[in-house]
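As structure tokens, the structure follows; a few thoughts come after it.
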Amino acid sequence: MPEVKDSIVIDVPREKFFEVIADFEKYPEFLPECKSCRIDSDQGDVKVVTQSLALMKTINLTTRMVLDPPNGLTWTLVKGDMMKMNNGSWTLEDAGEGKTRATYGLEMKLKGLIPSSVVNSLAKTSFPKMLKNFKARAEKLHG
């Protein structure tokens, strides 16, 4: 699928929103599709993270996260049982008045014969929900 991008404005400073997106092990607390998330390797601003996601079925994937506080983070796929590619980023910009414009981008390719229309539909429905969940988490913790 081509890269999908979406943005949302959060009512917390970007340093505080960065704390939420970089706290990977807490994702299952506020992202219903994230069943587990653990840090396998932590080398400061580079972390290897394994997640189990309940999407069409359970998908396990490991990504290499490169943190750039408070500007955002990027990731690339290390391995995934159904993924050929999962590369993406969070870009955080100061939106003034203590707010943050967060832009989430993802480029994903699944293994097998899953039609691109299914993947695109999944991305279009889950993206807005996921962004709202991150926004709600950040505003609850830091708002």
Exercise for the section: Kindly indicate whether any position in region 114-124 is part of a loop (DSSP other than H, G, I, E, B) and either modelled with pLDDT of 95 or more or farther than 27 Å from GLU15 by Cα (or both). Expected result: yes
Practice task
Would you point out the residue of region 125-135, among those that are modelled with pLDDT of 85 or more and loosely packed, with under 15 Cβ neighbours inside 10 Å, that is farthest from LEU77 (Cα to Cα)?
Solution key: LYS132
Problem - Filter result for THR63 (over 17 Å from VAL4 (Cα atoms) and modelled with pLDDT of 90 or more) - result: yes
Problem - Filter result for TRP75 (surrounded by 15 or more Cβ atoms within 10 Å (Cβ to Cβ), in contact (Cβ under 8 Å) with a residue 40 or more places away in the chain and in a strand (DSSP E or B)) - result: no
Handout entry: Flag if LYS16 is more than 19 Å from LEU92 (Cα to Cα) and in contact with a helix residue (DSSP H, G or I) (Cβ under 7 Å, 6 or more places away or on another chain)
Key = no
Handout entry: Every residue from region 23-42 that is farther than 21 Å from PHE127 by Cβ and free of Cβ contacts under 8 Å to residues at least 12 places away in the same chain
Key = SER41, ASP42
Practice task
Look at SER7 and say whether it is of a type in the set (S, T, N, Q), surrounded by fewer than 16 Cβ atoms within 10 Å (Cβ to Cβ), touching a residue at least 24 places away in the same chain (Cβ under 8 Å) and in contact with a strand residue (DSSP E or B) (Cβ under 8 Å, 6 or more places away or on another chain).
Solution key: yes
Practice task
Inspect region 93-103 for any residue being more than 19 Å from ILE39 (Cβ to Cβ) and either surrounded by 17 or more Cβ atoms within 10 Å (Cβ to Cβ) or modelled with pLDDT under 90 (or both) and give the result as yes or no.
Solution key: yes
Exercise for the section: Report, ordered by the first and then the second residue, all pairs with beta carbons closer than 9 Å, sequence separation of six or more or different chains, a first member in region 43-57 that is at pLDDT 95 or above, and a second member that is of a type in the set (Gly, Ala, Ser). Expected result: LYS47/ALA22; LYS47/SER41; VAL48/SER41; VAL49/SER41; THR50/SER36; GLN51/SER36; SER52/SER36
Exercise for the section: Could you tell me whether any residue of region 123-137 is among the small types (Gly, Ala, Ser), touching a residue at least 24 places away in the same chain (Cβ under 8 Å) and over 16 Å from GLU3 (Cα atoms)? Expected result: yes
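The values are calculated or read from the model by the stated rules, or taken from the named source; none is laboratory data. Note that the coordinates shown come from a computational prediction; the quantities given were computed from them, not determined experimentally. Positions of Cβ are generated from backbone atoms using ideal geometry, with glycine treated the same way; all protein chains shown enter the neighbour counts.
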